[in-house]
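The values are calculated or read from the model by the stated rules, or taken from the named source; none is laboratory data. It should be emphasised that the depicted structure is a prediction, and the values quoted were computed from it without experimental measurement. Glycine also receives a Cβ, built like all others from the backbone with ideal geometry; neighbour counts cover every protein chain displayed.
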Amino acid sequence: MNKSCHMLIDYFNRTLTDVEMRQFEDHLIECPSCQEELMEWEMLTEDLPYESEAVEVPTDLKARVFASLPDESSKNENVMQIPVKEKSRRPLGVATSILAAGLFASLVANAFLFTEMQKEPDIAQSEIQLIGQSILAPEEGTSASAVAMLIADGDQEVLLLDATDLPTLSADELYQVWVIEGDQPYPAGIVQPNETGTGTVSHPLADLSGTWDTVAITIEKEPNLPAPEGQIILAGGI
Amino acid sequence: MIGTDDVQLYYQTVAHNRHSFEQLYDRYEKLVFSFSYRLTNNRTIAEEVTQDVFLKLWNGTNQYAEDKGKFSSWLLTVTRNKSIDELRKSKRHAYEPMLDKDSLTEETVSTEVTAEWNERRELIRTAIAELRAEQQEIIELFYFKGFSQSKIAEHCKLPLGTVKGRIRLALKHLKGIIGQEGGVSNE
Ligand SMILES: [Zn+2]
């Protein structure tokens, strides 16, 4: 028992000064009894975090976290700054905002911008706008849900879609996304869900930025058929 | 047991796989935020802590290793450390923590983590309620308030030299009750 050993509790509770903290850390390296005791305190308290009441997380927290991730490609590229046109942003509905915020941050900053950046080094000047978004309603008998967002970057429009709880498919099936204009459907990407049934897709709407107003997901046997043949899983207006 | 692929997702996160990071984030966001709020009673600090904890996971500032125990326990320790640091910092600057009881709401999204968490919460609360008031208080002051030994001694009118023993006894007693009731504390 060294004179430092009694500081363990205060080290655990971080009430030591910076100097004491460093001193104790040095001590800890060479004191097996303190190492063992520290593990004991961690073990004795490991249940306690779960005593916490679940509180509602701010809906935009995830978006803020993902937006502040340094972009990988910025190491050898121009500075990544994405001014989002404030005036063009619609207020997000309460129900969509939590999903939409995360989707916006992770998809826009990630997949879409990243690919854009490869061919567009001066992305810093580009303007990303959220044109519209919608929650797709599940068809009867499924618990799937999805958020679709329409994003514009200059002239380019992109459909972003984030689906969760998609039922597991058999090996020869796939999830096809459609945009529907009147009664004319156009294929708009394939969702490849992970093992937990979550999947995202971003699809450039090069020829499709017309007047379509509905997004749907169906189960198909083949990709990009002229029209859906399989069961509709989710659909919604945008 | 949930989170069996936590470690794998963690290593993918360190390798900057956004998808894995997002899975970890979604899994633990609410727990990290709620725990930080429990410790600080301040939403602003809980937000900062949650951002900091996850960003440091991504950029490798906080490094997990399997010899540090379960990933979830480690993540919660990191959360507690940051929370009590930030709370102290805010008190030094004389900001009053905002009491914000309105934000206590039932959850809207049920994930595997929240389901298991609900179960554990009930178990722990039942067990804590079985402790004597002095033992409940010393756990609150030590773990949730992060008081120093001398402050606990002062607050509980105990000789300084006995504080550590009292805390240990209270926690062991609690652990014993939890073990009897649910046997989930050492899964
Ligand atoms: Zn020691």
- Task: Taking B:Glu29 as the residue in question, decide whether it is out of contact with any Leu (no Cβ under 8 Å at 6 or more places or on another chain) and either closer than 24 Å to B:His16 by Cβ or modelled with pLDDT of 95 or more (or both).
- Result: no
- Message: Criterion first (under 40 Å from the mean Cα position of the chain (by Cα) and more than 16 Å from the ligand (Cβ to nearest atom)) does A:Glu51 satisfy it?
- Response: yes
- Task: Please go through segment A:1-56 and pick out each residue that is of a type in the set (Lys, Arg) and at the interface with another protein chain (Cβ under 9 Å from one of its Cβ atoms).
- Result: A:Arg14
- Item | Neighbours by Cβ (under 7 Å, 6+ apart or cross-chain): first from segment B:56-74, within 12 Å of another protein chain (Cβ to nearest Cβ); second outside any loop (DSSP other than H, G, I, E, B) and polar (S, T, N, Q) | B:Leu57/B:Thr13; B:Trp58/B:Thr13
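Listed here are the residues, each with its yes/no results for (1) surrounded by fewer than 22 Cβ atoms within 10 Å (Cβ to Cβ); (2) among the polar types (S, T, N, Q); (3) in contact with a Gly (Cβ under 9 Å, 6 or more places away or on another chain).
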site: B:Gln8; (1), (2), (3): yes, yes, no
site: B:Ala15; (1), (2), (3): yes, no, no
site: B:Gln23; (1), (2), (3): yes, yes, no
site: B:Leu39; (1), (2), (3): no, no, yes
site: B:Asn42; (1), (2), (3): no, yes, no
site: B:Glu47; (1), (2), (3): yes, no, no
site: B:Arg80; (1), (2), (3): no, no, yes
- Message: I need the full set of residues from segment B:23-43 which are at the interface with chain A (Cβ under 10 Å from one of its Cβ atoms) and not charged (D, E, K, R), in order please.
- Response: B:Gln23, B:Tyr25, B:Leu31, B:Val32, B:Phe33, B:Ser34, B:Phe35, B:Ser36, B:Tyr37, B:Leu39
- Task: Inspect segment A:196-219 for any residue being within 17 Å of A:Ser170 (Cβ to Cβ), in a loop (DSSP other than H, G, I, E, B) and free of Cβ contacts under 8 Å to residues at least 24 places away in the same chain and give the result as yes or no.
- Result: no
- Task: Output the residue which, of all residues in segment A:63-86 that are modelled with pLDDT of 65 or more and of a type in the set (Gly, Ala, Ser), is surrounded by the most Cβ atoms within 10 Å (Cβ to Cβ).
- Result: A:Ala63
- Message: For a quick check of your reading of the model, give me the residue pairs whose first member lies in segment B:11-22 and is within 11 Å of another protein chain (Cβ to nearest Cβ) and assigned to a helix (DSSP H, G or I), whose second is of a type in the set (Gly, Ala, Ser) and surrounded by 16 or more Cβ atoms within 10 Å (Cβ to Cβ), with beta-carbon atoms closer than 6 Å and at least 6 apart or on different chains.
- Response: B:Thr13/B:Ser20; B:Glu22/A:Ser106
- Note on the structure: Scanning segment B:152-187 residue by residue, those facing another protein chain (nearest Cβ under 8 Å), without any contact (Cβ under 8 Å) to a residue 12 or more places away in the chain and either assigned to a helix (DSSP H, G or I) or among the β-branched types (Val, Ile, Thr) (or both) turn out to be B:Arg168, B:Lys172, B:Lys175
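Mind counting the residues in segment A:2-43 that are among the β-branched types (Val, Ile, Thr) and either within 14 Å of the ligand (Cβ to nearest atom) or surrounded by 14 or more Cβ atoms within 10 Å (Cβ to Cβ) (or both)?
3
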- Note on the structure: So, first residue closer than 13 Å to B:Ser73 by Cβ and in the same structural domain as A:Met7 (by TED's automatic domain parsing) in segment A:29-45, second residue aliphatic (A, V, I, L, M) and more than 8 Å from the ligand (Cβ to nearest atom), Cβ within less than 9 Å, six or more apart or across chains; the pairs are A:Trp41/A:Ile9; A:Trp41/B:Ile167; A:Trp41/B:Leu171; A:Leu44/B:Ile167; A:Leu44/B:Leu171; A:Leu44/B:Leu174; A:Thr45/B:Ile139; A:Thr45/B:Leu171
- Query: Of the conditions (1) buried (at least 20 other Cβ atoms within 10 Å of the Cβ); (2) more than 16 Å from the ligand (Cβ to nearest atom), A:Asp60 fails just one. Which one is it?
  - Reply: (1)
